[in-house]
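The next block holds one structure in the form of structure tokens; read it before the comments.
The values are calculated or read from the model by the stated rules, or taken from the named source; none is laboratory data. Being a predicted model, the structure only gives us computed values, none of them experimental. With ideal geometry, Cβ positions are generated from the backbone for all residues, glycine too; neighbour counts draw on all protein chains shown.
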Amino acid sequence: MGAGSGRSARTWIIVPAAGSGARFAAAIPKQYADLGGRPLLACTLERLSTLGADGTLVALAPDDAHFDKAVGDRTGVVALRCGGATRGATVRNALETLESRCGEDDWILVHDAARPCVPREALVRLVDELTGDATGGLLAMPVADTLKRAEASGERTAEAGERAERTGTLQALRTESREGWWLAQTPQMFRYRVLREAYRRQGAADCTDEAEAIERLAAAGRCSMPRLVVGSVENIKITRAADLALALAILTMQGDG
């Protein structure tokens with residue numbers, strides 16, 4: 001049922017969880033790491049249940065062997081083994097599976113599996129502030145710290161930069177202005193028709209988040225630019241194993257530890 005059908009827009013959630021979590025450096029994918037006695041992905045799904053969405057799609061790798069045992073059946077949650085080579089490809093594949101069920105003006109919220117601590121009030125704020133928007137937007141936080149442009153000592157290749165980040169051999173090149181800079185978070189919330197079109201464009205699968213795909217579509221005059229909705233410093237993304245302890249501390253503070 002598409003736009004103009006006369007019904008209210010529904011809300012759908014997509015949780016891309018097809019990555020291997022290489023930087024996490026564990027025997028199992030990051031999304032199944034133990035977080036206070038529960039799998040990380042399960043904690044994230046429990047937090048998202050606050051929204052009471054019409055459906056939640058967890059986009060897994062085709063060969064995922066952990067979800068059924070670690071997370072299992074959950075009301076309103078559907079596991080799709082539709083993961084692609086990139087995060088963007090995974091989200092695009094999940095969007096295509098919704099085509100027969102999703103209205104053109106329905107809302108799609110895409111949320112990182114590794115963000116279990118997004119505050120409930122931030123979820124509500126995102127939905128409330130974007131409800132009447134034609135395109136959508138995302139949670140984000142203004143940059144507060146001083147920004148330094150870094151480079152690997154003596155080398156300026158991408159490979160050298162990645163190696164230096166791991167070994168701690170970067171050096172400061174200059175200080176950048178933080179004016180106007182925001183740190184993107186998730187969920188990112190967009191109209192189905194807009195996000196589907198954005199991900200069908202060439203190169204969209206390589207975008208690092210949904211907002212980037214929408215920005216490219218907006219630059220072509222097809223929609224408005226994404227809106228920024230103030231998120232929360234508690235909405236951390238777990239990247240490395242050491243982040244689990246911080247996430248557990250935040251969940252405990254929030255009453256979910």
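Looking for whichever is within 27 Å of residue 119 (Cα to Cα) and modelled with pLDDT of 95 or more here; the options are 55, 103, 19. Which one fits? Give the derivation first.
Details: 103 fails: within 27 Å of residue 119 (Cα to Cα); 19 fails: modelled with pLDDT of 95 or more.
Result of the check over 55, 103, 19: 55.
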(message) So residue 53 passes all but one of these: (1) assigned to a helix (DSSP H, G or I); (2) of a type outside the set (D, E, K, R); (3) out of contact with any helix residue (DSSP H, G or I) (no Cβ under 9 Å at 6 or more places or on another chain). Which condition number does it fail?
(response) (1)
(request) From 19, 88, 103, grab the single residue that is farther than 24 Å from residue 235 by Cβ, touching a residue at least 40 places away in the same chain (Cβ under 8 Å) and surrounded by 15 or more Cβ atoms within 10 Å (Cβ to Cβ). (result) 103
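Only one residue in 234, 215 is touching a Pro at 6+ places or on another chain (Cβ under 6 Å) and at pLDDT 95 or above. Which one?
Details: 215 fails: touching a Pro at 6+ places or on another chain (Cβ under 6 Å).
On inspection, the qualifying residue turns out to be 234.
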(request) Could you tell me which residue of the stretch 225-257 is farthest from residue 29 (Cα to Cα), considering only residues that are outside any helix (DSSP H, G or I) and of a type in the set (S, T, N, Q)? (result) 232
(message) Restricting to the stretch 195-210, name every residue that is without any contact (Cβ under 8 Å) to a residue 60 or more places away in the chain and closer than 13 Å to residue 226 by Cα.
(response) 198
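Could you say which residue among 255, 231, 221 is small (Gly, Ala, Ser) and surrounded by 14 or more Cβ atoms within 10 Å (Cβ to Cβ)? Before you say what the answer is, go through the steps one by one.
Details: 255 fails: surrounded by 14 or more Cβ atoms within 10 Å (Cβ to Cβ); 221 fails: surrounded by 14 or more Cβ atoms within 10 Å (Cβ to Cβ).
None of the other options fit; the residue is 231.
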(request) Run residue 94 past the list (1) at pLDDT 95 or above; (2) surrounded by fewer than 22 Cβ atoms within 10 Å (Cβ to Cβ); (3) outside any strand (DSSP E or B) and report the number of the one that doesn't hold. (result) (2)
(request) Within the stretch 149-186, work out how many residues are loosely packed, with under 10 Cβ neighbours inside 10 Å, at pLDDT below 95, in a strand (DSSP E or B) and not hydrophobic (A, V, I, L, M, F, W, C). (result) 1
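Condition check ((1) more than 17 Å from the chain's Cα centre (by Cα); (2) touching a residue at least 40 places away in the same chain (Cβ under 8 Å); (3) closer than 20 Å to residue 210 by Cβ) across all residues:
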residue: 29; (1), (2), (3): no, no, no
residue: 42; (1), (2), (3): no, no, no
residue: 53; (1), (2), (3): no, yes, yes
residue: 66; (1), (2), (3): yes, no, no
residue: 78; (1), (2), (3): yes, no, yes
residue: 83; (1), (2), (3): no, yes, yes
